[in-house]
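Visitor: Please find one structure pasted underneath; my questions will follow.
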Amino acid sequence: MKEIIERYEYAKKVYAKLGIDTDKAIERIKKIPVSINCWQGDDVKGFIKNDQPISGGILVTGNYPGAARNAGELKQDLSKVLSLIPGNHKLNLHAIYVDTDEEIELNQIEPKHYKGWVEWAKKEGIGLDFNPTLFSHPMYKNGFTLSSSDENVRKFWIEHCKKSIEIAEFFAKELNQKCINNIWIPDGYKDFTVDKYGPRKRLKESLDEIFSKDYDKSLVLNTMESKLFGIGIEAYTVGSNEFYLSYAVSRNTGLCMDMGHFHPTEQCSNKVSTVLNFIDELLLHVTRPMRWDSDHVVSLDDETQEMMSEILRNNFDDRVHVALDFFDATINRVAAWVIGTRNVIKALLKASLEPTEILKKAELENDLTTRLALLEEQKNYPWVDVWNYYCYKENVPFDESWLDEVKKYEKEVLSERV
């Protein structure tokens, strides 16, 4: 469109006054993939053949029609999502999303059970990340998995996590992209506990056993995801932030920080520069915690923007892996993916257009007036025109017209799922 190009040329000149090359800014964010969360598509049910209800702190609200019922439908929905967002991205799979008719247990999963996902990823030109699934299962006993006092329970989940590393390595080799393998456990107590040390000692020993498995660390980054508390573990969470941060530093592993897993008064964005002084790589779960870990669809709010700015200001492009983590069944699930992913990309674009070096120089020279003035005036800069041009070049909708496509898809595809 002529108007989009003309407005972009104007924006390009505006940003050039601050020494910012908008073409380079676009190319920079194209190289930062957002790992899209598969579990938004089916409300975290997965495709393992069992009748177990969702449990272990996982709760999805709403019953909007059209949830994916199998891997084929989920791939179809995700392909629609990818057609509506700019850039090159990844899919974040949980272990329960097997692509097989075979009846298997979680400690029996193998790369062959996910070959369909690899074939689909190759077709879409994207990478895959992975997560062992340690919830919604009979071996999630009395609120514990890897930290259970029951040795048989621990052995089951240790084997499951080892199998997950094999699958992550398979993904990386097949798709020629590093695979992030993230462990989250729902272990803990609902009410006050006496022995806080014992479960954490067992968790440490379980993790040591899992990571003793031989794997190529250039292909797989193992991360662990901390939590403040969860449903049913309000009093005591085994996998706390202090535990996993200490483990990551001492064992040279990765760490996952979920933006909804901290106290509401904490800023997750403020933690990035701390942990990356001590570990090499960080996985980020971007979500919107309305009242804490409520996993709302990501919006272009202040904390999302601050997080993406923190990544780009410090050139953490290759050290922070950006993934989504939300599930909302009160709205169209495909739309939720598109909204959340586009908002993260918008925040990355805005961050890439910041005159960071000028701001850092003003701060270093204690010219705090200039710092504040530029930060505020920058909010009026025509970043939207750069966004529109980026979408135009990527052949995806730049405005809300994507919603028409989603509604058409709902009418023709999703409404047929009963």
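Visitor: Got a sec? Which of ASN107, ASN152, ASN181 is modelled with pLDDT of 95 or more, under 24 Å from LYS75 (Cβ atoms), not hydroxyl-bearing (Ser, Thr, Tyr) and not in a loop (DSSP other than H, G, I, E, B)?
Guide: Working: ASN107 fails: under 24 Å from LYS75 (Cβ atoms); ASN152 fails: under 24 Å from LYS75 (Cβ atoms).
Of ASN107, ASN152, ASN181, the one residue that is modelled with pLDDT of 95 or more, under 24 Å from LYS75 (Cβ atoms), not hydroxyl-bearing (Ser, Thr, Tyr) and not in a loop (DSSP other than H, G, I, E, B) is ASN181.
Visitor: Here is a follow-up. Scan the helices (runs of 4 or more DSSP H) fully inside region 321-418 and keep the ones with 1 or more residues being farther than 30 Å from ILE5 by Cα and of a type outside the set (Lys, Arg).
Guide: 356-364, 368-377, 402-412
Visitor: Please determine, by comparing only the residues of region 288-323 that are over 14 Å from CYS268 (Cβ atoms) and among the aliphatic types (A, V, I, L, M), which one is surrounded by the fewest Cβ atoms within 10 Å (Cβ to Cβ).
Guide: The residue in question is MET290.
Visitor: When region 220-270 is examined, which residues are found to be touching a Pro at 6+ places or on another chain (Cβ under 6 Å) and under 17 Å from LEU283 (Cβ atoms)?
Guide: Hit for region 220-270 is GLY260, nothing else.
Visitor: Right, here's the next one. Within region 352-402, count every residue that is touching a residue at least 40 places away in the same chain (Cβ under 8 Å), aliphatic (A, V, I, L, M) and either more than 22 Å from GLU306 (Cβ to Cβ) or exposed (fewer than 13 other Cβ atoms within 10 Å of the Cβ) (or both).
Guide: 1
Visitor: I would also like to ask the following. Could you list, in sequence order, the residues of region 117-130 that are crowded, with 19+ Cβ neighbours inside 10 Å and either acidic (Asp, Glu) or under 12 Å from LEU106 (Cα atoms) (or both)?
Guide: ASP129
Visitor: Of the residues in region 123-139, how many are farther than 19 Å from TRP184 by Cα and either touching a residue at least 60 places away in the same chain (Cβ under 8 Å) or in contact with a helix residue (DSSP H, G or I) (Cβ under 7 Å, 6 or more places away or on another chain) (or both)?
Guide: Within region 123-139, residues that are farther than 19 Å from TRP184 by Cα and either touching a residue at least 60 places away in the same chain (Cβ under 8 Å) or in contact with a helix residue (DSSP H, G or I) (Cβ under 7 Å, 6 or more places away or on another chain) (or both) number 3.
Visitor: Considering each residue of region 345-372, count those that are aliphatic (A, V, I, L, M) and over 14 Å from TRP383 (Cα atoms), and give that number.
Guide: Of all residues in region 345-372, those aliphatic (A, V, I, L, M) come to 345, 347-349, 351, 353, 358-359, 362, 364, 368, 372.
From the residues that got through so far, the ones that are over 14 Å from TRP383 (Cα atoms) too are 358-359, 362, 364, 368, 372.
Looking only at that region, the number is 6.
Visitor: Same structure again: Can you work out which of the residues in region 189-222 that are of a type in the set (S, T, N, Q) and assigned to a loop (DSSP other than H, G, I, E, B) is nearest to GLU159 (Cα to Cα)?
Guide: The residue in question is SER212.
Visitor: Follow-up. Among what's in region 244-302 and is acidic (Asp, Glu) and not in a loop (DSSP other than H, G, I, E, B), pick the residue that is nearest to PRO132 (Cα to Cα).
Guide: So the first thing to find is which residues in region 244-302 are acidic (Asp, Glu), and the list is 258, 266, 280-281, 293, 295, 301-302.
Then drop every residue that is not not in a loop (DSSP other than H, G, I, E, B), which leaves 258, 302.
Numbers: ASP258: 16, ASP302: 31 Å.
It comes out as ASP258.
Visitor: Looking at (1) surrounded by fewer than 20 Cβ atoms within 10 Å (Cβ to Cβ); (2) more than 19 Å from the chain's Cα centre (by Cα), which is the one condition that is false for VAL238?
Guide: (1)
Visitor: For region 140-175, name all the residues that are farther than 12 Å from PRO111 by Cα, aliphatic (A, V, I, L, M) and in contact (Cβ under 8 Å) with a residue 60 or more places away in the chain.
Guide: Answer for region 140-175, where residues must be farther than 12 Å from PRO111 by Cα, aliphatic (A, V, I, L, M) and in contact (Cβ under 8 Å) with a residue 60 or more places away in the chain: just LEU146.
The values are calculated or read from the model by the stated rules, or taken from the named source; none is laboratory data. Fair warning: this is a prediction, and the values are worked out from it, not measured in the lab. Quick reminder, even Gly has a Cβ in these numbers, built from the backbone with ideal geometry, and neighbours come from all protein chains shown.
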